[in-house]
Amino acid sequence: MHHFVSLLEKRQGRFNIRVRQAWGTLFVLDLKQACDYLKSAEEKQQSAQYDLRDFIDNYVLKLNDWQRCVKECNPVQDALSLLSQWNNMPSRASYDFVSQPDGMPDRPMNIEDPNDQSEILLAAQLSRIFCRKLEVDGYRALQCALNKNKWDDMPYESFLKFLSQLGNILVSLRWRVSWWELLGDGGSKPDINKERYEERVWTLCKVLYFYYTSVKLKLPSWMKHDGLDGVWSMYADADQVWDDFPLMGTAEGFEVWMARGKELIREAGVRSHVPNI
């Protein structure tokens, strides 16, 4: 962890990092803010030898005020919308140098350039940290909304927006699970926790699937529900596909819907192997 912070200290002020996918920018990493954030975390750690993976999976959950480290997005106001955009991050993303005064000019990071590969790895690790923070905050907000269960008091347009956000989160989770099953997690080394992660995401997807189908029943049958059939999705390393939202609130319906995810991977023209750094 100390080495990771040292790398950030050498780069802060020289450039920031844009994280993007084919459809546009996910967020911009502010390296100075990120360095200050992680340096503060390091000082609070009881062990100086904290493993980065353990930090991301566990210790980072205790830290707040992370939102200042990401720019060109609003994780406070748009946590649910951002969840679906960030869900397949950072394993499939591109990175750009964003110039700072007296620093290097804007340009994409080139995975084929050995000089850029360490910067790409740094960007990916930072992205994992802040995607993890958004995941925790976003699902906490989602759980709060579901637990309140005050659908009858919610304005119709707000209700539709919430269902659409939940549908988008679900299809992004399905894509992630399907990607793992067909292509793996993109790591260069076997991950001993891979099965546990996949099971956690599968279970989350199943729980949210039945929440979605049950909450959708609250909509008046005589009103048009535009936007709740599905969405056109553009995932990394893939062609645009039509992501269908859940329909049947049954165990069989869930299994069929999840199986459709693997079909979408193939329909999207994803290569059977995506190279790693």
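The values are calculated or read from the model by the stated rules, or taken from the named source; none is laboratory data. Just so it is clear, the model here is predicted, and its values are computed rather than measured. Using ideal geometry, Cβ is built from the backbone for each residue, glycine included, and neighbour counts are taken over all protein chains shown.
All conditions in (1) at pLDDT below 90; (2) farther than 21 Å from V5 by Cα; (3) surrounded by fewer than 21 Cβ atoms within 10 Å (Cβ to Cβ) hold for G103, with the sole exception of (2). Filtered by the rule that a residue be of a type in the set (V, I, T) and farther than 15 Å from L8 by Cα, region 120-145 gives a lone residue, V136.
Taken together, the residues in region 138-168 that are at pLDDT 85 or above and surrounded by fewer than 19 Cβ atoms within 10 Å (Cβ to Cβ) amount to 15. The criterion of at least 3 residues that are at pLDDT 85 or above and surrounded by 15 or more Cβ atoms within 10 Å (Cβ to Cβ) is met, among helices (runs of 4 or more DSSP H) falling completely within region 1-68, by 2-11, 31-44.
Within region 75-99, the set of residues being polar (S, T, N, Q), modelled with pLDDT under 85 and either over 17 Å from D137 (Cβ atoms) or touching a His at 6+ places or on another chain (Cβ under 8 Å) (or both) comprises N88, S91.
Close contacts from region 97-117, counting a first residue that is over 16 Å from V28 (Cβ atoms) and a second that is in a loop (DSSP other than H, G, I, E, B), with Cβ to Cβ under 8 Å and a gap of 6+ residues or different chains, come to I111/I277; D116/M109; D116/N110; Q117/I111; Q117/I277.
Just to verify a result, which residue in region 204-226, among those that are among the hydrophobic types (A, V, I, L, M, F, W, C) and under 20 Å from the mean Cα position of the chain (by Cα), is nearest to S172 (Cα to Cα)? Applying the filter and picking the extreme gives C205. In the list G227, G249, which residue meets the criterion of being over 18 Å from L182 (Cβ atoms), surrounded by fewer than 17 Cβ atoms within 10 Å (Cβ to Cβ) and at pLDDT 85 or above? Sole residue among the options that is over 18 Å from L182 (Cβ atoms), surrounded by fewer than 17 Cβ atoms within 10 Å (Cβ to Cβ) and at pLDDT 85 or above: G249. Under the condition of being assigned to a helix (DSSP H, G or I) and in contact with a strand residue (DSSP E or B) (Cβ under 9 Å, 6 or more places away or on another chain), the residues counted in region 93-130 number 9. Whenever a residue of region 69-85 is over 17 Å from I17 (Cα atoms) and part of a helix (DSSP H, G or I), its partners that are modelled with pLDDT under 85 and of a type outside the set (A, V, I, L, M, F, W, C), lying with C-beta atoms within less than 9 angstrom and at least six residues away or across chains, give the pairs Q85/Q21. Is it the case that some residue within region 116-124 is modelled with pLDDT under 90 and of a type in the set (A, V, I, L, M)? The answer is no; no qualifying residue exists. Considering region 227-248, and only residues there that are in a loop (DSSP other than H, G, I, E, B) and free of Cβ contacts under 8 Å to residues at least 40 places away in the same chain, the residue that is farthest from the chain's Cα centre (by Cα) turns out to be M248.
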